[in-house]
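Report on the structure given below.
Bear in mind that the values in this text are calculations on the coordinates, not laboratory data. Model, not experiment: these values are computed from the prediction. Glycine gets a Cβ as well: all are built from the backbone with ideal geometry, and neighbour counts include every protein chain shown.
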Amino acid sequence: MHVPVEWLRSVVELPAEVTTEEIADRLTMYDLKLEEIVGGGITGPLTVGRVLAVQPEEQKNGKTINWCRVDVGADRNEPSVPDAPGDDVPSRGIVCGAHNFGVGDLVVVSLPGTYLPELGFEIGSRKTYGHVSDGMICSTRELGLPDDETSAAGILVLAPGSAEPGDDAVAVLGLGDQTLDLEVNPDRAYALSLRGVGRDAALAFDVPFTDPAERPVPSADTPAYPVRVEDPEGCPVFTALVVSGVDPTAPTPGWMVRRITDAGMRSISLTVDVSNYVMLELGQPNHCYDRDRLQGDVVVRRARAGERLTTLDDVDRALTPEDLVIADDSGPIGLAGVMGGASTEISETSTSVVVEAAYWDPVTIFRAVKRHRLPSEAAKRYERGVDPELPLVGAARVAELLVELGGGTLEPGATVVGTAPRRAAVRVPVDLPARISGVPIAPEEAQRSFERNGCTVERDGDVFVVTPPSWRFDLNDPYDFVEEALRTAGYDQVPSVLPTPTGGRGLTRHQELRRRVGHVLAGAGLVEVTTLPFAGPADLDRLGIDADDVRRRQVLLANPLSTEEPGLTTTLLVGLLRAASLNVGRGHESVQVSEVGRVFLAREGAPEAPIYGTDRRPTPEELAALDAALPHQPFHAGWVLVGERERSGWDGAGRPVAWSDAVAVARRLADVLHVELTVEQAATAPFHQGRCAALVLDGTVVGHAGELHPTVLKEHGLPARSVAGEIDLDALLAASPAIGPRPAFSTYPVAKEDLAFVVDTSVTAESLRAALASAHPAVESVRLFDVYTGSPVPDGQKSLAFAVRLRAPDRTLKDTEIAEARAALVAAGEALGGTLR
Amino acid sequence: MSAPNSDYDPKQVAALGEDEVAQARDAALAAIEAAESLDALKAVRIAHTGDRSPLALANREIGALPPQARKDAGKRIGQARGAVNQALSARAATLEALEEERRLVEETVDVTLPTDREPVGARHPITTIQEHVADLFLAMGWEVAEGPEVEAEWLNFDALNLGPNHPARTMQDTFWVSPERAALVLRTHTSPVQARSMLTRTPPIYVVCPGRVYRTDEADATHMPVFHQVEGLAIDRGLSMAHLKGTLDHFAAAVYGPAVTTRFRPSYFPFTEPSAEVDLLCYVCHNEPGAVADCGTCRGEGWIEWGGCGVVNPRVLVACGVDPEEYSGFAFGMGLDRTITSRYDIADLRDLWDGDIRFTEPFGVGL
């Protein structure tokens, strides 16, 4: 909301010494936050001038400048400027690069010493293009004025006769006026008007306020225009007045144009300007119909199926029976509370005007704006709530101004249909403001703050019975009055008291473990990234994910930001591969990144989420129904490794990343979580078919890791052999035991046996390792230390060498026991088709 | 060799003479002292303690002495040999130490060589700040609550006093899950976690909820469609705005340092009443006249908007099954991304999301 300070001061008795900044500060702390102070700030001799002569001069750079002689008034002219074009009369010589002005035009000149905030420096006299330019002819933009069609070309040319050379241009243009741009919260509809801001300013400074709405209204004994309201719920109050004989050519006075433009609206014609002015002044939107274009009675009703309306923005709109319209015999002539229709619009020939002002049901307006995607200044106010006592006052104010400024005549009578709804009284315990705010607000103080805001207050024992004023839509519950009392006492009065909870239980197990995972990933040399969780089918295509893969079950958005990414991602690898590409593109040879975050998997046939009332807690079944509607959104951990796992250096060659590095990350996570994760051969996108490990937990695949498929790498511009992994962290955490394995070790001597088996290539290392580990009770550990293929190992076979440690928990193993264990190990290897080397 | 002779004067056996023994001993000691290496010392050992060394030979003569003379001679020889052996081991120790020292000097390396072959990981500052804030509240006895990011419309809006026709719903640019009748949204704030906390816990409740939230903002330097919030909720008997202020002062001091100043400013949120914005006194210009106008950190306002807060609206308590006659509470919510960008002077929010490893690396595993 833009409020010209001069206008604000006209209704609030603010002491002259109170600065605009002080007003803004006080309002900010009262409830209306300052966005910015607009205007003001020009100092020095900004003067109206008349162009006496113009001499275009072409420059070497191809540009033509104008060397001008300008009359800036007797007091400011130099007695003689012999160098300047035309007769050498008292004047100033000024160089100007713009061309949209000519001899005789009135312009604004910033003489040396003028400070223009838009430029940020003080204008001086300077030598340029071979002349001494003694000032500057100003453009609209340099003056901080809004551009319009005529001024966008450059120099601001004033209307002939609107000023004299030498006049102070700051005063002529109202450039000294400052405007407060205030943020109005949606509960404070009343503050979308001078009346509302003025009342708050008066309260904030505790000074008298002149309510511009306190004015006589015409008697409603006889209607001014026949009106029927068929939907009194949508339209509780409808008023109309008629003004005839308005001069359609009458100009809008300068002061009104200035206030309207400073408030952010455009001046159009007297009638439209008056209508807008009254909306800004009182907060009462209103509409003026050309009476001569109205056909028959005005009716407020719901639209009929198939009806259409061309609104003032020249859009032809299909109406539905949900739309509340204003109609006459011709059909709808306005979308109630939102925008008028073109068929009855005021034109440059309109002389007879029907002024409408109403109180519309806020929800009806809110829905209409949403349905038609048609926000308007009127709807902005109506949907938040306009004072229902105000319509006739607003209509009367419009009529008064049309009579005064347009030479019109107010026709007798006033149409008033309906009455303002009565406000219910609210019972507020007298100690509630102090109890909830924490500020010792005495009941008397609280009562005074309610009354100052227009409430009527009665006391019923320990309870205030408060009836809010008609314009306060935000005062309905007892706590609403706490805020009211606290605003008056001052938010800065709230003391600082640290509450003392009775003791929490710390992080949950999952929260603690997720932190552990984060540290382990960083410890593994991975740099954590956070990526945007949006993805589209093309992203999944790039990963080579099949149509029937679970990762195709995206949660789609009704209003995605980009058609490329219509939904949420089902895999962290989309974002991680993007991040890896970005890093490679920025010149990183080695990139090792990880992310812990949610992925989103739609549940097929999920029910719609119910919407409950809010007057009670939903039952446990109802709460379960909410959760049943949600997609699956587990935490995953993902990682991508590109380039060298270990860099080359003076003490050794670099080690390129390998599929095993990706699997190692998964194993490391499982280890620190004390989870038994097994690794199985798999072939899943986006991985290399032969180098993909399924990560298996209790028989369920919870993730994959391995080398990325060459096509995927090509699609992402990543080097060959890059690797990745992703695991369902929720599954992993759920399997993590509350108490990890007991440390158990034997202090008796160890016996070491190295055994190498030649087996078929198809026999996995893990299957042989597992067989050896369970071959004999004395086996303490089995570790693979070598894999060998090639002569003398036959083709299709490989040699796997294991270091086996044998130890008993309670005694030194006898040689016979060691021999027995060794035989058992050999037998286990042979059972898998292996032969001992 | 002479035969045993009881009358023999021991002093007449030249090798066992006092002077002879002393001479042999001194010669040995001098040679030991002169040995410059372990090898030289070995030669000295053979020459002066070997079978053919003067002292060994003299020792053999003891048997030739009459019994009454053997004791003295034996003592003399034994002392001399002891002195020599002692000197030998001392010299050996010295030489070994010298030799080791020499070897270690030879093994000198350039310790300024780089040691950067192992990859060094790092954690994203958004992760660490969430943990940092959580820890602060855990230390006060609060707990950390979490909830889904795709959330039921009822929990994101209705339960928080944002009914279907509430004008404030237009303030929030919501991502809706398709189809809209599914009544699911990407949560626009972490407040549904507060609602869930009230629905699943019994008061007193003190929870802090960090997490990712969504708004339909196109990504640019100062907006992202996804960002991070931390919200807090306290429900107990007798809580007021004063407890809110106390909590936020403590929170602000922990994040911005003990000198931080906060202020409450009236505001509006459907889920709180009274509502306030909490501002921080600009920690660069301190809102001082002369400095504030040109301050880029607070953009000339003197105060920095930190977050929204207020007393939990009793309507929210009712919808979430808390009796407003018995309990009151407060809630607050702050953006964490801006805390990071302002603290580290990061001009472009997109840097947090692009995944350039050079963004995360400097943070290491802390803040």
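Applying 1/(1 + (r/R0)^6) with R0 = 35 Å to the Cβ-Cβ distance of residue B:261 and residue A:556 gives a FRET efficiency near 0.15. Counting only cysteine Cβ atoms and a cutoff under 4.7 Å, the protein assembly as shown contains unmatched residues A:68, A:96, A:138, A:235, A:288, A:455, A:692, B:209, B:309, B:320.
Positive end of the dipole of the protein assembly as shown (Cβ unit charges, origin at the Cα centre): among A:138, A:14, A:318, the Cα lying farthest that way belongs to A:318.
Specify the inter-centroid distance of the stretch B:260-278 and the stretch A:678-708, based on alpha-carbon positions, in whole Å. Centre-to-centre distance over Cα atoms comes out at 51 Å. Comparing B:261, B:49, B:339 in a Gaussian network model of chain B where C-alpha atoms under 10 Å apart are linked, the largest mean-square fluctuation is found at B:49.
In chain A, the inverse of the mean reciprocal separation of distinct Cα atoms equals 35.4 Å; this is its Kirkwood hydrodynamic radius. A simple rule links phi to the HN-Hα coupling: the Karplus curve 6.51 cos²θ - 1.76 cosθ + 1.60 with θ = phi - 60°, which for the stretch A:678-692 gives 10, 10, 10, 5, 8, 8, 10, 5, x, 9, 4, 4, x, 10, 10 Hz, with x for Gly and Pro. Using Cα atoms only, what is the angle between the long axis of helix A:443-452 and the major principal axis of chain A, expressed in degrees (0 to 90) to the nearest 10? Once rounded, one gets 60 degrees.
Here the stretch A:750-783 is scanned for amide nitrogen atoms under 14 Å from the site 7 Å beyond the Cα of residue A:660 along Cα-to-Cβ, giving A:765-766, A:783.
Each Lys and Arg Cβ is given +1 and each Asp and Glu Cβ -1; about its Cα centre, the protein assembly as shown then shows a dipole of about 4400 debye. Annotation: amide H of residue A:411 within the under-5 Å range of A:242, A:243, A:244, sequence separation 5 or more or interchain, hydrogens built in the peptide plane. Taking other C-beta atoms within 10 angstrom as a stand-in for reagent exposure, A:534, A:785 fall in the order A:785, A:534, fewest first. What is the Cα centroid distance between the stretch A:591-663 and the stretch A:766-837, reported in whole angstrom? About 39 Å separates the Cα centre of the stretch A:591-663 from the one of the stretch A:766-837.
Once divided by 2.2 N^0.38 Å, the Cα radius of gyration of the stretch A:657-798 becomes 1.23. Relative to one another, the C-alpha centroids of the stretch B:65-82 and the stretch B:296-367 are positioned 96 Å apart.
Cβ-to-Cβ counts within 10 Å put A:820, A:356 in ascending order as A:820, A:356, the fewest first.
If you plug the beta carbon distance of residue B:180 and residue A:422 into 1/(1 + (r/R0)^6) with R0 = 60 Å, you get a FRET efficiency near 0.95.
Taking the C-alpha atoms only, the angle from helix A:20-30 to the longest principal axis of chain A is near 60 degrees.
Between residue A:349 and residue A:119, residue separation times 0.36 nm minus the direct Cα-Cα distance comes to 78.5 nm.
Multiplying the residue separation of residue A:431 and residue A:836 by 0.36 nm and subtracting their alpha-carbon distance yields 136.8 nm. State the answer as a single residue: which of B:247, B:282, B:156 lies farthest towards the positive end of the charge dipole of chain B, with beta carbon charges of +1 for Lys and Arg and -1 for Asp and Glu, about the Cα centre. So the residue furthest toward the plus end is B:247. Overall, the stretch B:247-303 carries a charge dipole of about 40 debye about its Cα centre when +1 sits on the Cβ of Lys and Arg and -1 on the Cβ of Asp and Glu, all other atoms neutral. Taking only Cα atoms, what is the 0 to 90° angle, nearest 10, from helix A:362-372's long axis to the longest principal axis of chain A? Orientation of helix A:362-372: about 70 degrees from the principal axis. Put in order of Cβ neighbour count within 10 Å, fewest first, the listed residues A:604, A:595, B:18 become A:604, B:18, A:595. Put simply, the amide H of residue A:780, placed in the peptide plane, has neighbours under 5 Å in A:805, A:806, A:807, leaving out anything fewer than 5 places away on its chain. Every pair of different Cα atoms in the stretch A:426-492 enters the Kirkwood calculation, which places the hydrodynamic radius at 11.4 Å. In the protein assembly as shown, the calculated helix contribution to ellipticity at 222 nm averages -9000 deg cm²/dmol per residue, counting -39,500 (n - 2.57) for every DSSP H run with n ≥ 4. When trypsin sites (Lys or Arg not before Pro) are flagged only if DSSP places them in a loop and at most 13 other Cβ atoms lie within 10 Å, the longest unflagged stretch of chain B comes out as B:53-236. Efficiency by 1/(1 + (r/R0)^6): what FRET value for residue A:745 and residue A:627, r their Cβ-Cβ distance, R0 = 35 Å, to the nearest 0.05? Efficiency computed from Cβ-Cβ geometry: 0.15. Which residues does the label zone of residue A:784 cover in the stretch A:670-705, counting backbone N under 17 Å from a point 7 Å along Cα→Cβ? Counting only backbone N, you get A:677-683, A:690-696, A:705. For the stretch A:127-133, putting each phi into the Karplus relation 6.51 cos²θ - 1.76 cosθ + 1.60 with θ = phi - 60° gives couplings of 8, 7, 6, x, 10, 8, 8 Hz, in residue order, rounded to whole numbers and with x for Gly and Pro.
Phi angles across the stretch A:391-402 convert, under the Karplus curve 6.51 cos²θ - 1.76 cosθ + 1.60 with θ = phi - 60°, into 3J(HN,Hα) values of x, 5, 4, x, 4, 5, 5, 4, 4, 4, 5, 5 Hz, Gly and Pro given as x. Distance between the pseudo-spin-label points of residue B:27 and residue A:805 (7 Å out from Cα toward the beta carbon): 6.0 nm. You can think of it this way: the chain between residue B:201 and residue B:113 has 25.9 nm of extra reach, that is 0.36 nm per residue less the Cα-Cα gap.
Taking amide H as placed 1.01 Å from N in the peptide plane, residue B:284 has no amide H partner under 5 Å among residues 5 or more places away or on another chain.
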